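Heads up: the structure comes next, in structure tokens.
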Amino acid sequence: MVLADLGQRINNAVSSLTKNNVIDEKALDDMLKEICVALLESDVNVRLVSQLRNKIKTKVNLKEGAGHSKKRLIQKVVFDELCDLVDCHAEPYKPKKGRSNVIMFVGLQGAGKTTSCTKLAAYYKRKGFKTGLVCADTFRAGAFDQLKQNAIKANIPYYGLYTEPDPVKVAREGVDMFKREKFDIIIVDTSGRHQQEKELFSEMVEIADAVKPNQTIMVLDASNGQAAESQSKAFKEASDFGSIILTKMDGHAKGGGAISAVAATNTPIVFIGTGEHVHDIEPFSPKKFVSKLLG
Ligand code: GDP
């Protein structure tokens with residue numbers, strides 16, 4: 001089930017409960033059942049769904065309030081618990097002007113890493129940061145060209161080498177160059193694929209050792225299903241990323257896998273990608289997200 005349908009199903013479940021004259025245990029259970037089925041069909045992890053169900057049940061006191069106020073209370077509890085699903089209450093990293101903030105991107109190939117690097121660079125540029133891009137993906141042929149074309153279009157300085165096969169060297173040189181030139185934000189794109197997963201992860205660790213990122217961001221495709229959770233855990237172990245950018249939120253994403261990934265890694269989503277264009281990026285807010293989900 002795609003996200004828009006999920007919101008609709010949850011809304012329907014809540015309004016059919018609140019339309020009841022008598023809101024009793026059975027009516028509450030029926031609503032919860034419908035919400036849980038909708039979340040499961042959207043790939044949200046079963047453990048999270050069961051936690052959400054129990055939390056709503058504990059928070060709703062059926063003896064409390066009457067009529068209208070009881071309905072409002074139930075709506076609020078459902079809203080708050082949905083927010084909690086996508087909010088890990090961790091304060092995301094905030095870059096500061098006048099110093100070098102190195103941001104390293106990790107994530108599987110195709111997730112939208114290179115696109116998101118440029119989007120984030122353009123976002124910070126609009127906020128007045130001096131921003132540069134480094135392409136440390138020497139594995140995929142064409143990776144540097146892609147970053148270069150995006151960077152030129154967005155008018156953002158970039159660094160990469162066609163002839164150097166060592167991504168660690170390119171990353172270090174690029175970051176050093178931008179540091180010397182007093183850039184505020186230096187974004188490092190890395191490879192998302194290798195012959196073997198082990199190599200991908202060890203390369204990530206080596207690049208991180210070389211450039212000492214202030215922040216590592218994992219890019220996650222919102223349309224990834226159940227697999228998103230285990231992928232994210234593996235990336236968390238290797239790179240200890242501090243935040244997530246969720247891409248392709250404009251598409252027919254189910255979103256539930258990504259929601260589970262946030263909870264499994266206890267890491268905040270900081271931005272969402274909403275299209276292929278460089279300006280299609282928005283800061284993420286749990287409340288805004290859930291309000292939009294529920295229409
Ligand atoms: P990478 O392999 O992780 O670097 O992925 P790319 O940045 O090359 O992106 C893979 C594809 O996803 C490209 O066709 C992008 O245009 C597309 N893409 C990336 N982010 C978004 C997004 O937020 N929305 C949509 N619709 N497409 C996106």
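Read-outs: derived from the displayed coordinates by stated rules, not from any lab. Since the model is a prediction, treat every value here as computed from it, not as a measurement. No Cβ is skipped: glycine too gets one built from the backbone with ideal geometry, and neighbour counts run over all protein chains shown.
Sorting Cys88, Cys117 by the number of Cβ atoms found within 10 Å of their own Cβ, with the fewest placed first, yields Cys88, Cys117. Residue separation of Gln109 and Ala90 scaled by 0.36 nm, minus their Cα-Cα distance, works out to 4.2 nm of gained length. In this calculation the C-beta distance from Asn12 to Ala234 is compared with R0 = 30 Å, giving a FRET efficiency of 0.25.
Only alpha carbons enter this Debye calculation for region 79-171, each as an equal point scatterer, and the log10 of I(q)/I(0) it gives at q = 0.16 Å⁻¹ is -0.75. For the residues Ser16, Ser69, Ser191, a GNM of the chain with alpha-carbon springs under 10 Å puts the largest fluctuation on Ser69. Cβ-to-Cβ counts within 10 Å put Lys76, Lys148, Lys113, Lys94 in ascending order as Lys94, Lys76, Lys148, Lys113, the fewest first. Other residues within the sphere of radius under 9 Å centred on the Cβ of Ser16, judged by their own Cβ, net out at -1 (K and R +1, D and E -1).
Taking label positions 7 Å along the Cα-Cβ direction at both Val37 and Gln196, the computed distance is 4.7 nm, reported to one decimal. Does region 184-227 come out rounded, prolate or oblate, given a ≥ b ≥ c as the square roots of the eigenvalues of its C-alpha gyration tensor, rounded meaning a/c under 1.5 and, failing that, prolate meaning a/b above b/c? Here region 184-227 falls in the oblate category.
The dipole here belongs to region 137-255: it is taken about the Cα centre, uses +1 on the Cβ of Lys and Arg and -1 on the Cβ of Asp and Glu, and is about 260 debye.
Would you please name the trypsin sites (Lys or Arg not before Pro) within region 152-232 that are DSSP coil residues with at most 15 other C-beta atoms within 10 Å of their C-beta? Qualifying residues, ordered by number: Lys182, Arg193. Among Leu120, Leu17, a tally of other beta-carbon atoms within 10 Å of each Cβ gives an order, fewest to most, of Leu17, Leu120. Computed per residue of the chain from DSSP H runs no shorter than four, each worth -39500 (n - 2.57), the mean residue ellipticity at 222 nm is -17000 deg cm²/dmol. Kirkwood-type hydrodynamic radius, region 109-159: 11.0 Å, calculated from all non-identical alpha-carbon pairs.
The value for region 186-279 of Rg(Cα) / (2.2 N^0.38 Å) is 1.07. Eigenvalues of the alpha-carbon gyration tensor of region 234-275, scaled by 5 and square-rooted, set the equivalent ellipsoid semi-axes at 20, 11, 8 angstrom, largest first.
If you average over every viewing direction, what projected area does the convex hull of the Cα atoms of the chain give, in nm²? Mean projected area for the chain: 15.6 nm², to one decimal.
Per residue of region 162-177, in order, report the coupling 6.51 cos²θ - 1.76 cosθ + 1.60 (Karplus, θ = phi - 60°) as ³J(HN,Hα) in whole Hz, putting x for Gly and Pro. Computed from phi, the couplings for region 162-177 are 6, 9, 9, x, 8, x, 5, 5, 4, 4, 4, 5, x, 5, 4, 4 Hz.
Divide the volume of the convex hull around the Cα atoms of region 30-138 by the residue count and you get 173 Å³ per residue.
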